[in-house]
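Note sheet for the following structure.
The values are calculated or read from the model by the stated rules, or taken from the named source; none is laboratory data. The model shown is predicted, which means the values in this text are computed figures rather than measured ones. Cβ placement follows ideal geometry from the backbone for every residue including glycine, while neighbour counts extend to all protein chains displayed. The protein model used for the area step is the full one, side chains on, heavy atoms only, and it has no ligands, DNA or RNA in it. Shrake-Rupley method; radii C 1.70, N 1.55, O 1.52, S 1.80 Å.
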Amino acid sequence: MIQHLDWHVYVTIAVVVLGTILTRVISFVLFANRAKPPAVVQYLGDVLPGAVMGLLVVYSLKDLTITSYPYGIPEAIALAVLVILHVYKRNLLLSIAVGTILYMVLVQTVFA
Amino acid sequence: MVKRSAFGYAFPLTVPICAGFLFLGISYGLYATGQGLPAFLPVLMSATIFAGSMEFVTVALLTAPFDPLGAFLLTLLVNARHIFYGLSMVTAYRGTGWKKIPLIYGMCDESFAINATTKIPDTIDKGWFYLHVTWLNYLYWVGGVALGSFGGKLITISLKGIEFVLTALFAVLFLELLLTAGKRLYCYLGFGITAAWLLAVGPERFMIPAMITIVVVFLSMRRYKRSASHDSQPKTEAKEDPQV
C-alpha cells in the first residue's frame, strides 16, 4: 500500500518514462545523421519483423503452464482454429475475432 | 483526402487492439487501484510510460522501497525489445517529418506489429497511416486504464479470456508474414529461438538472450551468405545457369 504520495512516486515514474523512451529512440538516434542507414541495419530491418513477430507470439504465451490443468489446451485449440481459418480466408479481423471468442468460450465454459 | 484514406485504412486494423487494450487497460486500472494507488496515478502512468508490461512492473516498484537506479535498469531490461523495433523501423519511419516524434514515443508492441507488417498501398500516405495506428492505439490504452481506474467496479459481464486477443493478433500477423514474404526462415528462427530460450530459462529472463541470439544468428547468416557468394560466384553462376 502506498501510504502517501511524496516526490518518490513521481521520480520513479519519471525514471521509468525516461528508460522507456531511451529504448524506443536509441536506434533512430544512432542512425539519424546518415543519408542512408548502413546496409547491415537495412538487412536487419528487412529480416527482423518476421522474427520479432515470432518472438511476440511466444512472449504473449510465456505464462502458459502446460504441466497443470488445463495444460494449454484452450490456447492450442483456439490457435489451431485461428491458423486454419486464416490460411483459408486470409481475413485478419475474422481470424482474430473467431480465435478470441472461441478462447473466451472455452475458458469460461468447458475449461472453467 | 490523403489523410482521410490513411485513417480509413488504419482504423479497421486497430479494432482488435481496441478490444484487447480496453480489457487489459481496465485490468491494469483495477490492479493498480487495488494496490492502493489513487485512480489518477495509473492513468498518468499509462499516458506517460505507455508500455503495458512496464506499467504493471511500475506499480510493484512504487509499492517497494525507493530505488531509482534499479527502476531505470529494470526498465531497460523489460523494454529492451523496443531497440529491436527501432532497428526494424529506422528505414520505414524515415522522411515522416514531425510525425516521427509521436511514432517513436508511441511505438508499443501492437503499433509496431501493425506498422511493420502492413503492406500500405501507394495511394495512401505512409506517415499518416503509421501515425493513425499509433495514436489510436494510444487512445485505446489510456482510455481503458481510465475506465478501469475510475469505474472498473461497475463492469459485471465476464470478459475472462479476452486478453487472448493480443496473442491472436500476433499469431495472425506472424502467419501473414509466413504466408506472403519470402522470409519464412527468419520467421521460424525468431519463433524457435525464443521458444527455446523460454523453455531453457523460464518466463522471467528469456527475452534478452532470445533477442541477442536472434541478432547474432541473423548477422552470421548474412556474413556466411556474403562470403559464400564472394568465394564461389563464378562457379555457381556456371552451375545454376542450366537450371534457370
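Counting each DSSP H run of 4 or more residues in chain B as -39500 (n - 2.57), what helix-only mean residue ellipticity at 222 nm follows after dividing by all residues, to the nearest 500 deg cm²/dmol?
That calculation yields -24500 deg cm²/dmol at 222 nm.
Give me the angle, in degrees from 0 to 90, between the Cα long axis of helix B:2-34 and the longest principal axis of the Cα atoms of chain B, rounded to the nearest 10.
50 degrees
Could you work out how far helix B:126-151 tilts from the main Cα principal axis of chain B, as a 0 to 90 degree angle to the nearest 10?
For B:126-151 against chain B, the angle is about 30 degrees.
Ignoring ligands, DNA and RNA and using a 1.4 Å probe, state the total buried accessible area between B and A in Å², rounded to the nearest 100.
Values: alone 15260 and 9580 Å², together 17670 Å².
Accessible area lost upon association: around 7200 Å².
Rounded if a/c is under 1.5, else prolate if a/b is larger than b/c, else oblate: which is region B:66-201, with a ≥ b ≥ c the root eigenvalues of its Cα gyration tensor?
Rounded, since a/c falls under 1.5.
How about region B:164-199: which chymotrypsin sites (Phe, Trp or Tyr not before Pro) there lie in a loop by DSSP and see at most 15 other Cβ atoms within 10 Å? The partial results should precede the final answer.
Numbers: sites: B:164, B:170, B:174, B:186, B:188, B:191, B:197; in loops: none.
Passing sites in region B:164-199 do not exist.
Helix B:52-63 sits at what angle to the longest principal axis of chain B, using alpha carbons and giving 0 to 90 degrees rounded to 10?
Helix B:52-63 sits at roughly 40 degrees to that axis.
Given the whole protein assembly as supplied and a 1.4 Å probe, what does the accessible area of residue B:221 come to in Å², nearest 10?
Residue B:221 exposes around 40 Å² with every protein chain in place.
Which one of B:47, B:88, B:195 has its Cα pushed farthest toward the positive end of the charge dipole of the protein assembly as shown, where Lys and Arg give +1 and Asp and Glu give -1 at the Cβ?
Of the candidates, B:88 comes out farthest on the positive side.
Take each complete run of DSSP H in chain A, measure how far its Cα atoms stretch along the helix's own axis, and keep only those covering 27 Å or more with mean Kyte-Doolittle hydropathy at least 1.6; list them.
TM-like helix candidates: A:7-30.
Using Cα-Cα distances under 8 Å and only pairs 6 or more residues apart, what relative contact order does chain A have, in percent?
On the way: 27 pairs, mean separation 18.2, N = 112.
Computed value for chain A: 16 percent relative contact order.
For the cross-link pairs A:89/B:183; A:89/B:100; B:99/B:160; B:99/B:119, which exceed 31 Å when the distance is taken from alpha carbon to alpha carbon?
A:89/B:100; B:99/B:160
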